[in-house]
């Protein structure tokens, strides 16, 4: 009986976590933000000085690069949804994606759920079932994971990981892709439709190109902001920061992700300065998402008004 109680308690805890993801994200964000405040309190002047040192040109470029990432990521999702049997138009899908990317500021899983709900609400007949839409996100995620595994050697210096871990990660990622590709030969119905984009050579190359382009925009954004406030880093350091942000972003840390990841990877360059850079990355990312969402709102209003004014 003693062994049953902990198991039952663990199941209840997991059930509670599934019912209250927002509460967990808020709590995690507050904990990480509080730790950052405590750690930076003695260097708050240095943090404020670094935060205000970036020029408007640098910040504007960072926002533009964020919007470019959002558009490329949305186009990749459009390709995957179309291959999965969806017939929803590009503009309508982009509008749904813009809402979801606002949700990404809190958690990537939450953002995905918002994107799918928004698309199903705006185009219930033209979009696949929710389970297929979830699967349609997997090809993008898998390509991002392969890129992360391929470039994970950039984490050896900042995190002190063993040299053999990146090759092992890459081998596991390639093995997963090889196994998944073979499995796709025999699975074509139901949720497996979401992976249709990986069946054809042309669509597969298109999705790979879009994801690589999107990731490159994010790497350039990291490098630009860090250099803009006086931190001398290489593009490989910017790659390491992006990979770490993707990994830490799986945790419920919310908007504190940027500063926490920057301190984790680049803290040797000065904790206060890199925390300010991380905060600027989060802020410009939020502004970019708001710009994309504003376009979506204006576009929806314009389309609705045009439809209302149309004759007949």
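The values are calculated or read from the model by the stated rules, or taken from the named source; none is laboratory data. Being a predicted model, the structure only gives us computed values, none of them experimental. Cβ atoms come from the backbone with ideal geometry, glycine included; neighbour counts cover every protein chain shown.
Key figures for this structure:
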read-out	value
Test: residue in segment 89-102 that is more than 15 Å from residue 123 (Cβ to Cβ) and in a helix (DSSP H, G or I)	yes
Unmet requirement for residue 220, which otherwise passes all of (1) under 24 Å from residue 85 (Cα atoms); (2) assigned to a helix (DSSP H, G or I)	(1)
Some residue of segment 278-285 being more than 19 Å from residue 72 (Cα to Cα) and surrounded by fewer than 15 Cβ atoms within 10 Å (Cβ to Cβ)	no
Selection count where residues are touching a residue at least 24 places away in the same chain (Cβ under 8 Å) and closer than 16 Å to residue 277 by Cβ, scope segment 208-226	7
Residue 298 vs. criteria at pLDDT 85 or above, assigned to a helix (DSSP H, G or I) and crowded, with 18+ Cβ neighbours inside 10 Å	no
Single unsatisfied condition, residue 71 versus (1) touching a helix residue (DSSP H, G or I) at 6+ places or on another chain (Cβ under 6 Å); (2) within 20 Å of residue 215 (Cα to Cα)	(1)
Candidates 98, 108, 55 - the one that is at pLDDT below 95 and surrounded by 20 or more Cβ atoms within 10 Å (Cβ to Cβ)	98
Unmet criterion (only one of (1) over 25 Å from residue 188 (Cα atoms); (2) at pLDDT below 90) for residue 118	(2)
Residue within segment 244-259 that is at pLDDT 90 or above and either touching a helix residue (DSSP H, G or I) at 6+ places or on another chain (Cβ under 7 Å) or more than 29 Å from residue 153 (Cβ to Cβ) (or both) present	no
Residue within segment 176-190 that is surrounded by fewer than 17 Cβ atoms within 10 Å (Cβ to Cβ), at pLDDT below 85, under 22 Å from the mean Cα position of the chain (by Cα) and in a helix (DSSP H, G or I) present	yes
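Listed here are the residues, each with its yes/no results for (1) touching a residue at least 60 places away in the same chain (Cβ under 8 Å); (2) touching a strand residue (DSSP E or B) at 6+ places or on another chain (Cβ under 6 Å); (3) surrounded by 14 or more Cβ atoms within 10 Å (Cβ to Cβ).
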{"position": "124", "(1), (2), (3)": "no, no, no"}
{"position": "129", "(1), (2), (3)": "no, no, yes"}
{"position": "133", "(1), (2), (3)": "yes, no, yes"}
{"position": "145", "(1), (2), (3)": "no, no, yes"}
{"position": "156", "(1), (2), (3)": "no, no, yes"}
{"position": "160", "(1), (2), (3)": "no, no, no"}
